[in-house]
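*Asks:* Got a structure here, written out as structure tokens. Questions coming.
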Amino acid sequence: MSHKLVTCLTAVLLIQAGTLARATIYGTLSNFDIYNETPHDSYGAEIELEGVHVEDLYRTFPAHYSQEDRIPYQETGKFGVRVKYSGYNFSSSGYLPANTIGQSTNGHTCVGTAGCEHFGFSLTGAQPAAFRFYWLDQNGQRIGTNPESVAVPTWNYIAPVGGGAPRLNAMVEVPEPVEVHPQRPDSIWMKVFKTEIDRPVDLMELMSNNAIIPDSVGETESEWELLEGGIDKNAEHEDDIGEGNFAVIRRYEYYEYTGLYDEEHEPLSLFDGHNNDAEQPPEGELGQFISANMVAANLAAPLEGDFDQDGDVDGRDFVAWQRGYGNGDKLEHGDSDWDDDVDDDDLGNWQGQYHVGDDNQPLAAVPEPATCVIAALGLLVTLTSRRTMTK
């Protein structure tokens, strides 16, 4: 028996039955537009991701800066990574001007617009315990002690129980300084749009008028919410994940809260959205646009051939591809390239990733698509015929 046929036989016999499961978040992404509303010209920027290692950060959006540095830090019992940008090159002035008044950008138009900037990052598995964004001055120092109001959600996957749907929880809170100050951060208004798709998302897709970005009224999850700065009561959304979907995408828009505060800097808003949704903030309380943030959580492994989503690519995934060959259109059927059909191209992706992610299994030679298909189908026919003859 040839080595190729043995490989096919092994793959076919590895699993006779099993269930698909998504038991974790494989990666989170964030892409956002922001204006320099500080009173100082900005020559650089800094993204601080607390509780994240440099190796967890696998992709960033190439903003309009000549230099990007990923600097790990550990201080006062905390650790993380700071992504620092310098050498602003989008305009001849070499800086973003101070006191730029923003307008809604849909989260991505600052990619090609002067006067504001676009940033993005992707993380593998790990999520930041805190996210902070700062503009930097000509000396590379932070402008002000308070981070800008760009909130990034903390995601929490809740496995299905008793045959129910899996759930994904997203909690958003106002970013605070590294050191606690007596003065609480300003409150901000937030508008949320949400959608789901049936494949993982790449960082570069969270921009440029991509059709997957939710931006219509029909996709509005919550019309408006008031995020109270420094209050342990933040926006939290928990949703059932539709069957066959592998990514949840949200677009957040942030605006200034211009209403009254009390002596402890708690907002005295007339807004009744703490317990229910409202169509619009009260008159006089909605200020200028701050930023728009497009985020996503991938519930599918980044490995193209991991059809059963168990973190590696092995013979079980070949069986999933085989069962979907010619009539499947989802990841669990073997559609690794997300073109809504299962064909030899998907088997080629499985072949290229075979045993990737399995530390106990080395890469192994696997058969060419056409050979393996013929051999596997022939094997199944032979086994079925033998069982019929022996009855």
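*Asks:* Can you pull out the trypsin sites (Lys or Arg not before Pro) in region 66-125 that DSSP calls coil and that have at most 10 other Cβ atoms within 10 Å? Write down the numbers at each step before the final one.
*Replies:* Details: sites: 70, 78, 82, 84; in loops: none.
Listed in order of number, the matching sites amount to none.
*Asks:* From the backbone phi of region 135-152, what are the Karplus-calculated ³J(HN,Hα) couplings (6.51 cos²θ - 1.76 cosθ + 1.60, θ = phi - 60°) in whole Hz, Gly and Pro given as x?
*Replies:* Values, residue by residue: 7, 10, 8, 5, 9, x, 9, 5, 8, x, 9, 8, x, 6, 7, 10, 9, 10 Hz.
*Asks:* For region 58-89 and region 101-138, what is the centre-to-centre distance using only Cα atoms, to the nearest Å?
*Replies:* After rounding, the separation between the Cα centres reads 12 Å.
*Asks:* Right, another one. For a quick check: with amide H placed at 1.01 Å from N, whose amide H comes under 5 Å from residue 130's, ignoring anything fewer than 5 positions away on the same chain?
*Replies:* Here the answer is 50, since their amide H atoms fall under 5 Å of that of residue 130.
*Asks:* Percent of Cα-Cα pairs per 10 Å bin, from 0 to the last occupied bin, for region 27-298, please list those.
*Replies:* P(r) over region 27-298, rounded to whole percents: 7, 29, 37, 22, 4, 0, 0.
*Asks:* Could I ask something else about it? Which residues' amide hydrogens lie under 5 Å from the amide hydrogen of residue 138, considering only partners 5 or more residues apart or on another chain, with H built in the peptide plane?
*Replies:* 43
*Asks:* Residue separation times 0.36 nm, minus the C-alpha to C-alpha distance between residue 345 and residue 129: what's the value?
*Replies:* Taking residue 345 through residue 129 to full extension adds about 73.8 nm, to one decimal.
*Asks:* Between residue 187 and residues 5 or more places away or on another chain, which pairs have amide H atoms under 5 Å apart, with H built 1.01 Å from N, and which residues are they?
*Replies:* It is 229, by chain and number.
*Asks:* Which ³J(HN,Hα) values, rounded to whole Hz and listed in residue order, are derived for region 57-65 from phi using the Karplus coefficients 6.51, -1.76 and 1.60 in 6.51 cos²θ - 1.76 cosθ + 1.60 with θ = phi - 60°, glycine and proline given as x?
*Replies:* 8, 9, 7, 10, 7, x, 5, 7, 9
*Asks:* Additional query: Determine the sum of side-chain charges near residue 34: Lys and Arg each +1, Asp and Glu each -1, restricted to other residues whose C-beta is under 9 angstrom from that of residue 34. It would help to have the intermediate numbers written out before the result.
*Replies:* On the way: positive: none; negative: 33, 37, 117, 148.
Neighbourhood net charge equals -4.
*Asks:* Region 89-197: which GluC sites (Glu not before Pro) are DSSP loop and have at most 14 other beta-carbon atoms within 10 angstrom?
*Replies:* Values: sites: 117, 148, 173, 179, 196; in loops: 148, 173, 179.
Within region 89-197, the qualifying GluC sites (Glu not before Pro) (loop, at most 14 other Cβ atoms within 10 Å) are 179.
*Asks:* Which order do the peptides 197-203, 331-337, 238-244 come out in when sorted by mean C-beta neighbours inside 10 angstrom, highest first?
*Replies:* Highest to lowest by the protection proxy: 331-337, 197-203, 238-244.
*Asks:* Here is a follow-up. Which whole-Hz ³J(HN,Hα) couplings does region 75-82 yield from phi under the Karplus relation 6.51 cos²θ - 1.76 cosθ + 1.60, θ = phi - 60°, glycine and proline marked x?
*Replies:* 7, 6, x, 10, 9, x, 9, 10
*Asks:* Now for a separate question. In a shell of Cβ-Cβ distance under 9 Å around residue 83, excluding residue 83 itself, what net charge do Lys and Arg (+1) and Asp and Glu (-1) give?
*Replies:* -1
*Asks:* A further question on this structure: Please give the FRET efficiency for residue 156 paired with residue 91, using the beta carbon to beta carbon distance and R0 = 35 Å, rounded to the nearest 0.05. All intermediate terms of the calculation are to be shown ahead of the outcome.
*Replies:* Working: r = 41 Å, r/R0 = 1.16.
Step by step, r from the Cβ atoms, then E = 0.30.
No value in this document is a laboratory result; all are computed from the given coordinates. Small disclaimer: the values here were computed from a predicted structure and weren't measured. Cβ atoms come from the backbone with ideal geometry, glycine included; neighbour counts cover every protein chain shown.
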